[in-house]
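Working notes for the structure below.
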Amino acid sequence: MTRVTLVTLATTLAFYRQNPLQALFVLVGLVLGCGLYTSVAQINASAEASYAEADQILGVSAQWRITDRVSTEVAVSDYIRLRRAGFTRVYPVIEKRLASEDGALISIIATDLLALPFIGVGVGSGDGSAFENSPFGGDSWSRLTQPPYEAWVPSQTAARLAVTGGQQIRLREGKRLPPAVIRSQAQQRDQIFIDLGAALSIFETDRVSYLAAPPLTETEQRRFADQFGDRLMLSNQSKALNLAQLTQSLHTNLTALGLLSFVVGTFIVFNAVNFSLHARQQTLRVLRDLGAVRQAIVAAIAIESLVWAVTGALLGTLLAQPLSAALMPAVAATMQNIYGASVSSLPVFNTGLFWEALLLAFTGLILALVLPLLRATAISSDEFSARDKTLPSRHDFALAGVGLALLLLTYVCYPIASSVVQGFALLSLILFAGVALLPIIVLLVSALGRTVTRQYWLARWAFADVSLQFPHLRLAMMALLLTLIANIGVTSLVGSFRLALTEWLETRLSADFYVTAGGVEIESFTGQDWIRAAHRRTIAERSYAGRTITVVGIDVDAPDFGPDNIIDSTPDAFARWSVGDVGVDRVFANEQLRYLAGVEIGDTLELETELGLRPFEVLGFFHDYGNVNFSLHLPSERFEQLYASVEPQGWGIWVHQNKHAAAELGLSQLGLQPTQWVSQRDVRTLSLAIFDRTFAITGALNALTLLVAAVAIFSSLLAAYQFRRSEYALWRSLGMSWFGFFTVLGFPMFLITAVVMAVALPLGIVLSWLLIHKINVISFGWTMPVIVAAEPIVFLFVVVVLVVLAAFVLASTRQQAAVNKALKNLAGE
Amino acid sequence: MLKLKQVDKSFRDRGDVIHVARDLSWYLGSGESAALMGESGAGKTTLMNIIAGLDTVDSGEVLVDDVRIDRLNQAELTAFRRNHIGLIFQKFHLVPSLSAWDNAALQARLAGAFDIDFAHHLFDMLGIDHLAHRRPSQLSGGQQQRIAIARALMHQPQLVLADEPTGNLDEATSNTVIELLVSAALNAGATLVVVTHSASIASHLSHSFRLGSGSLTSVI
């Protein structure tokens, strides 16, 4: 048996010596499929590793967080009071997300190194060995904590910002960070680390973002509440909303795109394996006639598959390294912008991922092998070739039935789906429905074309050839269809999101200038001829359901918040909100409160105010794209009563048309520094730039899956051409010109591509609708109108046509020589 | 009609030089028919490919209808074949997606020489008019070869070349097909060359030649 198997293996493998391209395609399919999936798995694993470290700061536990009950920041004097009261393990943290001079997003973290409770022992406690052994040991800390200070920039961040050692990063408002030192510590992720003293000096403040503490005993918690409960608030980070849970949809989305690539890769493998086994049919028959038992043939093919799988998984894992390294910064940007999560932009690798890739390669190969193997060992060559010509078959009709059933199932299951995974299951139903419906639609279009063009023999021929080419191209075209549906769905989602965000920014940032100096009084603006309107904005931060909730005081006549901004409300809600009520405070809430905390219209939230715990009745909701926090809008008059000590954050200034230059001059004349006001236009531009960077990952994965589909089409074309070469030689022998030849040859491909695009369009729109109204709501807590913009779809279709054209031209270039060669053998066949 | 003048053609096979034609000359007039016989590997198919412009000569001249086809480039050869030559193969080589009618009309349409009355006449003569709408997969071997004959004659070429046209058919069908081929070619005024192993098939043609060691000898 072993000898027979080995002889069989040697004989069947000889095929690849003659057809190295087929070997290449098996490998390309496996490597691309495994590589893309593994890189996505690696990205997810890296992000999850970052979440696991979310309650740590530079290797020190930050399980407890202390914030000010009234202000958004904690005064340094409060921190000193805490230390003096015996809370020596409490340490201050400043966290800021800022834009660099050229608009790149920067995360800065600062703390007091001397206060960090290293390995449970504070430096001040006298055990200096732990500190000496820490990354801050030796003279590192003195350079970090003494002028001119140092900014520790992780290498990946330095690469992203194009910063070299010694260089000072310049912020958008003109401030400079200390000289950069390229090094990073545990849990630093993509944050730039500077000493607290340096941060307080750079940002010209005496307040920190929050105070952090390692686990506190119950006695300590009680003592804290007794001594500081009136001013400060203690919250447990482990009870806050889980980051991993929050970001689940993005990871599921990435995994789905990875799996899509894998499925498309499997299609390529299937095509290549199918062709190679079919081409070896005669060899296998001869082997069987010569006494090779069926088990030996199956064993030989199984060994061949094993070799393919191991090679594919190895190369796929290797490919995943540069790929995930290239994609990770985009993912990190997404995490930071959408969820406010700091994630390292360096991917991590673990051996588990290699085994996963191997398992995946085997699964893909088994999926790709089952059908061709059954045919190769059980069906005769003649029956096999006859199958390709029999179209449409009952199988195609049955498949169409399955497709319709899947669409029906999606419709029925839509109201039931309530989790991210169930939402993605709905998306898969749409994708597979499309795949199942494709063959019958192509064949019906071909039949219709033949009927309509029955007067024109060449058109009739070209339409008829669709049914001959389609069996060879169907898998590649199914792969293209999957890619296009996903592409249109995601592109529409991102496009809708971008448009909604733009409109939202237009409204929310409708003021032309935003003055950040809260101390400026309204009197300063009176009499200025360039000012159309000036409104103040005040914000108080509290905590609700484990998340930060911002209460925003808004002038009722401010142009950036009006009845049009309310998406769902009770009748006359805006009027009722504007006038207020004595017994209960009325607010509008952001959608996040509705979808993530289950708050409904008419519900009452209880929040801390300076007048004690107060009820807030929710009158309606507003869109609040991209906000990671809950938010309430309260009329500013009432806000000033409830949060009297909160300093205004600034002013929104609306200026008369063509008065921008005068306004800038006027603001300077009011004694404001250029760093104390921002042009909202710049903010809008920056916000949209950040948005585009956030969704770069989607664009990159879309492009990659399209590339994989293109490879699938190319390999299928080559296989189809090889399969039909003698027929093509006949066309030439009858005197057909190359022009006519390529017209008849190319028409079916482009017709099928057109059908694929036509099927992908409605299904892609359905997909984007599901993404926005199901997945988005479940995971982010926002809805938005579905906008199907023609431009990106037309662009996508043009790209697809060009990709298909490129595959066709590449495959056809090889054809001319091959057909000429086949021409000489035609008579001998 | 068909002239080969001092044609040389050889190729290498695992180090050995095989001579298909050595200073080979041959002439066939209009309306004549000839059987080209010879042992396997003698080069019959290669010689036919040379006459059809599907293969090239090492030296010498190949004239079809007084045109030096050995001097034509690929595009000119394709056009020449389209207009002047009809080809019939052992394995029929019909286009599976086209009906019998469209298959038969294919070359005539490519050449812009499709004549519907002549097409009906051919179908009637070959006894295949009831098969016009069928696809190749719905036809027997004999029926497929008759469609292939119709295709080779429909553009009324000056030269028809058939390579083992009955090689895939049983004896009774073979006789019917060859009789139809010869009479149809003669009716169309075409010169006919048939590559065959069979003396019985050769007996239907006006001349027989045997190819061996690179030269042609007439068989009486």
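The values are calculated or read from the model by the stated rules, or taken from the named source; none is laboratory data. Because the structure is predicted, anything quoted here is derived from the model rather than measured. We place every Cβ from the backbone using ideal geometry, glycine too, and count neighbours over all the protein chains shown. With ligands, DNA and RNA removed, areas are computed over all heavy atoms of the protein, side chains included. Shrake-Rupley method; radii C 1.70, N 1.55, O 1.52, S 1.80 Å.
What accessible surface, in Å², does a 1.4 Å probe find on B:Asp66, ignoring ligands, DNA and RNA and rounding to the nearest 10?
We get 120 Å² for B:Asp66.
Positive end of the dipole of chain B, charges at C-beta (+1 Lys, Arg; -1 Asp, Glu), about the Cα centre: which of B:Ala21, B:Thr56, B:Gln143 has its Cα farthest in that direction?
Result: B:Thr56.
Highest first, please rank the peptides A:305-311, A:356-362 by the mean number of other Cβ atoms sitting within 10 Å of their residues.
Answer by packing, highest mean first, reads A:356-362, A:305-311.
Counting only the heavy atoms of the protein chains, how much of A:Tyr721 is accessible to a 1.4 Å probe, in Å² to the nearest 10?
0 Å²
Quantify how strongly other chains surround peptide A:457-465 by giving the mean number of their Cβ atoms within 10 Å of each of its Cβ atoms.
Mean shielding count: 4.
List the relative contact order of the range A:518-671 as a percent without decimals, with contacts defined as Cα pairs under 8 Å and 6+ residues apart.
37 percent
Take peptide B:93-104, look around each residue's Cβ out to 10 angstrom, count Cβ atoms belonging to other protein chains, and average those counts.
Whole-number average of other-chain Cβ neighbours for B:93-104 is 5.
Run the 1.4 Å probe and let me know the accessible area of B:Arg135, rounded to the nearest 10 Å².
The accessible area of B:Arg135 comes to roughly 80 Å².
Check the straight Cα-Cα distances from A:Lys774 and name the lysines below 28 Å, setting aside those fewer than 8 residues away within the same chain.
Within reach: A:Lys239.
Under 21 Å from the Cα of A:Lys821, which lysines turn up, not counting those fewer than eight places away in the same chain?
Straight-line reach from A:Lys821, under 21 Å: B:Lys9, B:Lys44, B:Lys91.
Starting from the Cα gyration tensor of the range B:113-188, take the square roots of the eigenvalues, sort them a ≥ b ≥ c, and report rounded, prolate or oblate (rounded when a/c is under 1.5, otherwise prolate if a/b is larger than b/c, else oblate).
Since a/c reaches 1.5 but b/c is at least a/b, the shape of the range B:113-188 is classed as oblate.
Which order do A:His535, A:His633 take by accessible area at a 1.4 Å probe, largest first?
Largest accessible area first, the list is A:His535, A:His633.
So which aspartates and glutamates pass the test for B:Lys5, namely a Cα distance under 17 Å, with those fewer than 8 places away in the same chain ruled out?
B:Asp23, B:Asp55, B:Asp58, B:Glu61, B:Asp65, B:Asp66, B:Asp70
Excluding A:Asp102 itself, calculate the net charge of residues whose Cβ lies under 10 Å from the Cβ of A:Asp102, where each Lys or Arg counts +1 and each Asp or Glu counts -1.
Taking every other residue near A:Asp102 into account, the sum is +1.
Using only the heavy atoms of the protein chains and a 1.4 Å probe, how would A:Ile430, A:Ile567 rank by accessible area, largest first?
Sorted descending by solvent-accessible area, the residues read A:Ile567, A:Ile430.
Whole-Hz Karplus ³J(HN,Hα) for the range A:152-157, in order, using 6.51 cos²θ - 1.76 cosθ + 1.60 and θ = phi - 60°, x for Gly and Pro?
7, 10, x, 4, 5, 5
Which residues of the range A:717-759 end up with at least 30 Å² less accessible area in the presence of all protein chains than when their chain stands alone, using a 1.4 Å probe?
Those are A:Glu727, A:Leu730, A:Arg732, A:Ser733, A:Leu734, A:Gly735, which lose 30 Å² or more relative to the chain on its own.
Whole-Hz Karplus ³J(HN,Hα) for the range A:748-757, in order, using 6.51 cos²θ - 1.76 cosθ + 1.60 and θ = phi - 60°, x for Gly and Pro?
Per residue, the Karplus-derived 3J(HN,Hα) values read x, 4, 6, 5, 4, 4, 4, 5, 4, 5 Hz.
For the range A:518-671, what is the Kirkwood hydrodynamic radius in Å, using each pair of distinct C-alpha atoms?
Value: 16.6 Å, from the Cα pair sum.
5 Å is the cut-off here: which amide hydrogens, built 1.01 Å from N in the peptide plane, fall below it relative to B:Asp55, excluding neighbours closer than 5 in sequence?
B:Ile50
Under a Cβ-Cβ cut-off of 10 Å, what is the net charge of the residues other than B:Phe11 that fall near it, where Lys and Arg count +1 and Asp and Glu count -1?
Result for the local shell: -2.
Quick one: of the DSSP bridges fully inside the range A:518-671, what percent are antiparallel, nearest 5?
If we restrict to bridges inside the range A:518-671, about 70 percent are antiparallel.
In what order, largest first, do B:Glu61, A:Glu664 sit by accessible area if the probe radius is 1.4 Å?
A:Glu664, B:Glu61
What net charge do the residues around A:Gly553 carry, taking every other residue with its C-beta under 9 Å from that of A:Gly553, with Lys and Arg at +1 and Asp and Glu at -1?
So the environment of A:Gly553 carries a net charge of 0.
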